[in-house]
Amino acid sequence: MRYMDMVSFFKTAFVCAVVAVLFPGDLAAKPRDVIDPAKVGEKIILKPGDKGTLQFQQKDNDLTGLKWLPNDDGKKSIGVRFTKDAGMFMLTVTNFFPKKFSYRAAIRIKGRNTFIETSIMGPLLARVPDGFSGYEMWHDPIEEILLFGFKLQN
């Protein structure tokens, strides 16, 4: 991991920890729902090691026409990287839109057939301010992650 990536990661982790202490009731994760990929609209399913760009057609805050560009530099709309290192899985989402970007995520654990909606601290981490990266990390043995529910916010 490059030095600047590490600095960005630790800044984000620090902010998340402070917010969790200040607003614990507001950020508590909801019970995990089973998500059927066939029943969600625009989506992408990633495996560890996948990286690239999500491109969309934008009309106001609506995002449609999802296109996945593997191994792209991510500087066109949303950069995505799903990595595994030392038993930890990390999703990095970088927002190049001039507005906040939100999404939902569900993971499929090794040996299971279902996707379970996830977010470490509730929906806050699924919102990425313009020009920033959002990070989520898991110890679970994830085989795939489903990203869906893409929106822009003012």
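The values are calculated or read from the model by the stated rules, or taken from the named source; none is laboratory data. Keep in mind the model is a prediction, meaning the values are calculated, not measured. Here Cβ is always computed from backbone atoms with ideal geometry, including for glycine, and neighbour counts include all displayed protein chains.
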#### Entry: Some residue of the stretch 31-47 being modelled with pLDDT of 95 or more, over 19 Å from Phe150 (Cα atoms) and surrounded by 14 or more Cβ atoms within 10 Å (Cβ to Cβ)
no
### Task
Return yes or no: is Ile78 at pLDDT 95 or above, within 20 Å of Lys151 (Cα to Cα) and not aromatic (Phe, Trp, Tyr)?
no
### Message
of a type in the set (A, V, I, L, M, F, W, C), more than 14 Å from Leu46 (Cβ to Cβ), buried (at least 18 other Cβ atoms within 10 Å of the Cβ) and touching a residue at least 24 places away in the same chain (Cβ under 8 Å): is that true of Leu63 in this structure?
### Response
yes
### Query
Among the residues of the stretch 77-105, how many are exposed (fewer than 15 other Cβ atoms within 10 Å of the Cβ) and over 14 Å from Leu152 (Cβ atoms)?
5
